Amino acid sequence: MLEGKTADPEDPFHSFMLSGYAYLGLSRAAEMYQSVDPVQAQRWRQEAADLRKDIRTAVFEGLAKSPVIPLADGVWCPTLAPWAEYRGPLALHADGGVWFTHGAMITRDSLLGPLYLVLQEVVDAREPAAEVMLQFHNDLMTLHNAAFSQPYYSPHPLVHLQRGEPAAFLKAYYNTVAALVDRQTYTFWEHLYEVSPHKTHEEGWFLMQTRWMLYREAGTTLNLLSGIPRCYLEQGKRIRLTNVASYFGPLSLQASSELAENRIVADIRCDSDHKPACVVIRLPHPERQTAESVQGGLYDPATESVRVEPFTGRAQVILTFAAQ
């Protein structure tokens, strides 16, 4: 693993966040290099795999040696430090130290912490380690599911989306923007205590969360509308994306609520030479109704989503509901 600081604080430790980004960078570089020099690409791919294995070893060793804590609901939960040398969240002071910085005790644990490993594809969002990290993070380090100090540094809203938890994502999304946006300029403060105005970093993360709400790539799958509020599909409303940039090339989508005719219709186009193998589109009924019939894919009523696989570049999905 890599050692060194990840942000402002001088922390020369083997950080999960730093090492996770190194893994992700190597992995993507190998992918890009594949068509130029396959031999070199394979070397980098192997280096990335070895680093990922080392990081995961440190994660499970850290979980084994860190304190188990009671959560607000009474469940006891393992914990993890932001780097390999410590036992548990720094805010719990299991191994001592002075950790207050940037107006909070939990800055390193939350904003530079191990939950980044999910975003960095070292830990899968649905494996137990990710669930544990999300549980103790949100219990100790959020208020109304928004992080403290510089909340847009926390990756937990994306983890909620990856885990299929749109309500938790939206709770973080709206509470964070409501707390951090300046009411006069509608730009973003860096901190909740109004230090450093007009921050493009915070604005960028707000825009990325909005993008992920609307469309998000995961391997060979394109996820559409996985984080939208269900009120976005009230009668007569439309969601339209036109040639937006994605990993799979230009993407266009129109989702139209025609509930006066008891249906929601979505038209999808992503027809590049590296289009997704699968598209999953979530079309939540504003009154939580389950679709009676579905055209265009396989419907999952639990997630209110339709899976289109194989995806050929264009698709139309129609959900029909019982008359009310």
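Each value in this text was obtained by applying a stated rule to the coordinates, not by laboratory testing. Bear in mind that the values here come from a model prediction, so they are computed numbers and not experimental data. Neighbour counts are summed over all protein chains in view; Cβ atoms, including those assigned to glycine, are modelled from backbone coordinates with ideal geometry.
Brief remarks follow.
- Residue among N175, Q162, H144 farthest towards the positive dipole end of region 144-217, charges placed on Cβ: Q162
- Distant-in-sequence amide H partners of R263 (H built 1.01 Å from N, under 5 Å): E258, F321
- Share antiparallel - DSSP beta bridges, the chain, percent rounded to 5: 90 percent
- In terms of other Cβ atoms within 10 Å, R314, R288, R282 run from fewest to most in the order R288, R314, R282.
- Entries of K53/K199; K5/K53; K237/K275; K199/K237; K65/K171 with Cα pairs more than 25 Å apart: K53/K199; K237/K275; K199/K237; K65/K171
- Centre-to-centre, using Cα atoms only, region 69-124 and region 210-251 are separated by 32 Å.
- Region 120-218: chymotrypsin sites (Phe, Trp or Tyr not before Pro) falling in loop per DSSP and having at most 12 other Cβ within 10 Å: Y186, Y193
- Gained length - A94 relative to D182, 0.36 nm times residue gap less alpha-carbon distance: 27.9 nm
- The spacing between region 174-196 and region 138-160, judged by their C-alpha centroids, is 15 Å.
- Each Lys and Arg contributes +1 and each Asp and Glu -1, all at the Cβ; summed about the Cα centre of the chain, the dipole is approximately 640 debye.
- Principal axis extents of the C-alpha atoms in the chain (largest first, rounded to whole Å): 63, 52, 41.
- Here is how the number arises for the chain: DSSP H runs of 4 or more residues each give -39500 (n - 2.57), the sum is divided by the residue count, and the result at 222 nm is -10000 deg cm²/dmol.
- Most positive-pole-ward Cα, W99, P38, I55, against dipole of region 1-123 from beta carbon charges: P38
- GluC sites (Glu not before Pro), loop per DSSP, at most 15 other Cβ atoms within 10 Å - longest free stretch of the chain: 86-193
- Computed lengthening from E10 to A277, 0.36 nm per intervening residue step minus Cα-Cα distance: 91.7 nm
- Distance between modelled label sites at R43 and Y247, nm, 7 Å Cα→Cβ extension: 2.6 nm
- Over all directions, the projected convex hull of the C-alpha atoms in region 94-185 averages 6.8 nm² in area.
- 3J(HN,Hα) couplings calculated from phi for region 154-164 with the Karplus curve 6.51 cos²θ - 1.76 cosθ + 1.60 (θ = phi - 60°) are, in sequence order, 7, x, 5, x, 5, 4, 4, 5, 4, 8, x Hz; Gly and Pro show x.
- Multiplying the residue separation of K53 and D139 by 0.36 nm and subtracting their alpha-carbon distance yields 28.1 nm.
- Relative to the Cα centre, the charge distribution of region 221-320, modelled as +1 at Lys and Arg Cβ and -1 at Asp and Glu Cβ, gives a dipole magnitude of about 220 debye.
- Under 9 Å, Cβ to Cβ, from P250 - net charge with Lys/Arg +1 and Asp/Glu -1: 0
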